[in-house]
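Peer 1: This structure is in structure tokens; I'll ask about it shortly.
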Amino acid sequence: MSVQVSAVEPGGYADRAGIKSGDTLVAISGHEIMDVLDYRFYQNDRTLRLEWIDSHGKTKKAKVKKPEYAELGMEFDTYLMDKKHACRNKCIFCFIDQLPKGLRESLYFKDDDSRLSFLFGNYITLTNITEHEVERIINMHISPINVSVHTTNPELRVKMMNNKHAGEVLGLLNRFDAAGIRLNCQLVLCPGYNDGSELERTLRDLTALSHVECIAAVPVGLTRCREGLAKIEPFNRETARAALDVLDRWGEECLRRYGQRRVYGADEFYLLAEREIPEPDFYEDFLQLENGVGLWSLLKSEGEAAIRESEEMLSKPRRIALATGEAAYPLLLHLTALCMEKWSNLTCLVYPIKNNFFGGRISVSGLVTATDLLDQLQNAELGEELLIPSCMLRAEGDLFLDSISLDELSEKLAVKVTPVANDGYKLIHTILGIGDKHE
């Protein structure tokens, strides 16, 4: 396999070697270039031998000398220099299979690409990884790898993921562990499937691997669109407590064994169990914030610190609104109450948004749609500005899940709508209208 060059930086090393737009890069120093990982890894040396095919089909070669890690100066049609690898599983808990129809097409694509795990922190199942990719991860020492494990029981993993190869994952994890590749593991827990004794087995297997840095368990998310899908019961207070008991016990065991907790339950488990979320020290390096592990604790700690440290005074009264998912509502109430206690001319109106779009069981802010915001805030008092978590929007910061834009929402609600990143300092400074002063 080889990759086509879409552009060449004028005066760059590739340009000086004679490579042009439309040529096909074949190899660097004898290593076949298949995608972005090959390209970025093998271009780093000071002396390189480039091989490519020009637009006339002629094979060409050149020797390049450059500073170590300097870019060759080539661009390609896509960032990966290849198509994303699609998921081959049909997991019983897959959230994408529970999306309503009519959303933008990109939301229905399921990626399961080892390159995205390293480059962007995506979680992969290892069910469609090739032997070439396994060896490359080991040889390049690509680390950490984020893996959606769910269970280490081979038969149960096959059943839960509807893939006959799903049970082979533990063998791959053992290979990566033996090679010193760090691993972050995710478990989507489904009551009656991989909780209870099966969770005990999974944690016993994973905590035996010395290079597993973190294991995060999250409760299954269930929407209203589950027609034809496996029957799964949601977690309740009792089942969430039972899962947390197992997770906390194994976390304590890892503390004793390794000096690190390693095993964590997502914040949502504590909320469902009606248990107090631990303090920031509990989460050590916050390795799985993207899975909602320690997010509440960190935001609370940062927000309280920002309130204590801020010496700003509001020169005039300020009245604003904040909208969030139901799960984070109590935390925002707490932080805004502290703000209003310190700044008497500040008024914060906090609104919990029920996720009717997905059926009401989803409570996280990142899955709140503009449709629900409009429905529930249309007649609400919003003051001079409405703050929302930026995670409600796609990465570009312009569209909600239901393809309504931020500008459309602002126009229909007749108020300035400001997205705020998940950072306690940024939140408090935005509440005060003083911008972000935290670096």
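The values are calculated or read from the model by the stated rules, or taken from the named source; none is laboratory data. Computed from a prediction, not measured in an experiment: that's the story for all the values here. Using ideal geometry, Cβ is built from the backbone for each residue, glycine included, and neighbour counts are taken over all protein chains shown. Keep in mind that these areas ignore ligands, DNA and RNA; they rest on the heavy atoms of the full protein, side chains included. Shrake-Rupley method; radii C 1.70, N 1.55, O 1.52, S 1.80 Å.
Peer 1: Run the accessible area of the chain with a 1.4 Å probe and give the carbon-and-sulfur part as a rounded percent.
Peer 2: Answer for the chain: carbon and sulfur cover 50 percent of the accessible area.
Peer 1: For the chain, set up a Gaussian network in which alpha carbons nearer than 10 Å are linked by springs, and say which option among R241, R319, R104 fluctuates the most.
Peer 2: R104
Peer 1: As a test question: what accessible area, to the nearest 10 Å², does D281 have when a 1.4 Å probe is rolled over all protein chains in place?
Peer 2: We get 140 Å² for D281.
Peer 1: Given the pairs K60/K84; K354/K412; K84/K412; K83/K164; K90/K412, which are separated by over 27 angstrom at their Cα positions?
Peer 2: Too far apart for the 27 Å limit: K60/K84; K84/K412; K90/K412.
Peer 1: Moving on to the next point. Summing +1 for each Lys or Arg and -1 for each Asp or Glu, what net charge is found among the other residues whose Cβ lies under 10 Å from the Cβ of C214? Write out the running numbers ahead of the final one.
Peer 2: Details: positive: R182, R261, R262; negative: E213, E284, D285.
Around C214, the surrounding residues sum to 0.
Peer 1: Using only the alpha carbons of the stretch 83-153, what is the convex hull's orientation-averaged projected area in square nanometres? Walk me through the intermediate numbers first.
Peer 2: Numbers: hull surface 23.1 nm².
Seen from a random direction, the Cα hull of the stretch 83-153 projects 5.8 nm² on average.
Peer 1: Additional query: List the chymotrypsin sites (Phe, Trp or Tyr not before Pro) within the stretch 82-149 that fall in a DSSP loop (any state other than H, G, I, E or B) and whose Cβ has at most 10 other Cβ atoms within 10 Å.
Peer 2: On the way: sites: F93, F95, Y108, F109, F118, F120, Y123; in loops: F93, F95, F109, Y123.
Within the stretch 82-149, the qualifying chymotrypsin sites (Phe, Trp or Tyr not before Pro) (loop, at most 10 other Cβ atoms within 10 Å) are F109.
Peer 1: Let me know the charge dipole size of the chain about its Cα centre in debye, to the nearest 20, where only the beta-carbon of Lys, Arg (+1) and Asp, Glu (-1) is charged.
Peer 2: Taking the Cα centre of the chain as origin, the dipole is about 880 debye.
Peer 1: Further question on the same structure: Can you find, among G30, A421, T324, the residue sitting farthest towards the positive end of the charge dipole of the chain, where Lys and Arg contribute +1 and Asp and Glu -1 at Cβ?
Peer 2: G30
Peer 1: I would also like to ask the following. Output the lone cysteines of the chain: those with no second cysteine's C-beta under 4.7 Å from their C-beta.
Peer 2: Lacking a cysteine Cβ partner under 4.7 Å: C87, C185, C190, C214, C225, C254, C339, C348, C391.
Peer 1: If you don't mind, there's one more thing I want to ask. Considering only DSSP beta bridges where both residues belong to the chain, give the percentage that are antiparallel (nearest 5).
Peer 2: 40 percent
Peer 1: If amide hydrogens are placed 1.01 Å from N in the peptide plane, which non-local residues have theirs closer than 5 Å to the one on V188?
Peer 2: Those lying under 5 Å, H to H, from V188 are H150, V218.
Peer 1: Report the one residue of T59, G228, P154 whose Cα lies farthest in the direction of the positive end of the charge dipole of the chain (charges on C-beta: Lys and Arg +1, Asp and Glu -1; origin at the Cα centre).
Peer 2: T59
Peer 1: If you don't mind, another one. Tell me which DSSP H helices of the chain clear both cut-offs, 18 Å or more of axial length from alpha-carbon atoms and a mean Kyte-Doolittle hydropathy of at least -1.0.
Peer 2: Going by DSSP H runs, the hits are 237-258, 295-309, 329-342.
Peer 1: Heavy atoms of the protein only, probe of 1.4 Å, neighbouring chains included. What is the accessible area of R361 in Å², nearest 10?
Peer 2: Rounded to the nearest 10, that gives 140 Å².
Peer 1: If each DSSP helix of 4+ residues adds -39,500 (n - 2.57) and the sum is divided by the residues in the chain, what number results at 222 nm, nearest 500 deg cm²/dmol?
Peer 2: Values: 14 runs with 142 residues, N = 439.
Calculated at 222 nm, the ellipticity per residue is -9500 deg cm²/dmol.
Peer 1: Using θ = phi - 60° and the Karplus form 6.51 cos²θ - 1.76 cosθ + 1.60, what ³J(HN,Hα) does each residue of the stretch 318-327 get, whole Hz, x for Gly and Pro?
Peer 2: In residue order, the calculated couplings are 10, 10, 9, 10, 10, 10, 8, x, 4, 5 Hz.
Peer 1: May I have the extent of the alpha carbons of the stretch 30-169 along their three principal axes, as whole Å values ordered from largest to smallest?
Peer 2: 52, 36, 26
Peer 1: Kindly identify the stretch 383-439 as rounded, prolate or oblate by the Cα gyration tensor criterion: order the square roots of the eigenvalues as a ≥ b ≥ c, call it rounded if a/c is under 1.5, otherwise compare a/b with b/c, prolate if a/b is larger, else oblate. Present the calculation step by step, with values, prior to reporting the outcome.
Peer 2: Working: a/c = 3.00, a/b = 1.42, b/c = 2.11.
Because a/c hits 1.5 or more and a/b fails to exceed b/c, the stretch 383-439 counts as oblate.
Peer 1: Quick one: which of 269-280, 193-204 comes out on top by average Cβ neighbours within 10 Å, and what's the full order, highest first?
Peer 2: 193-204, 269-280
Peer 1: Kindly report the accessible area of the chain per residue (heavy atoms of protein chains, probe 1.4 Å, no ligands, DNA or RNA), in Å². Working shown, then result.
Peer 2: Working: 20590 Å² over 439 residues.
Accessible area per residue, the chain: 47 Å².
Peer 1: Calculate the length of the line joining the C-alpha centroid of the stretch 270-313 to that of the stretch 168-192, in whole Å.
Peer 2: 27 Å
Peer 1: Please identify every one of the GluC sites (Glu not before Pro) in the stretch 214-262 that sits in a loop by DSSP and has no more than 11 other beta carbons within 10 Å of its own beta carbon.
Peer 2: When the GluC sites (Glu not before Pro) of the stretch 214-262 are filtered for loop state and at most 11 Cβ neighbours within 10 Å, E227 remain.
Peer 1: Expected output is a single nm value to one decimal: the length gained when fully extending between R394 and E290, i.e. 0.36 nm times separation in residues minus the C-alpha distance. What is it?
Peer 2: That pair, R394 and E290, stretches by 36.0 nm at full extension.
Peer 1: Rg and Dmax of the chain, Cα atoms, in Å?
Peer 2: 24.8, 75
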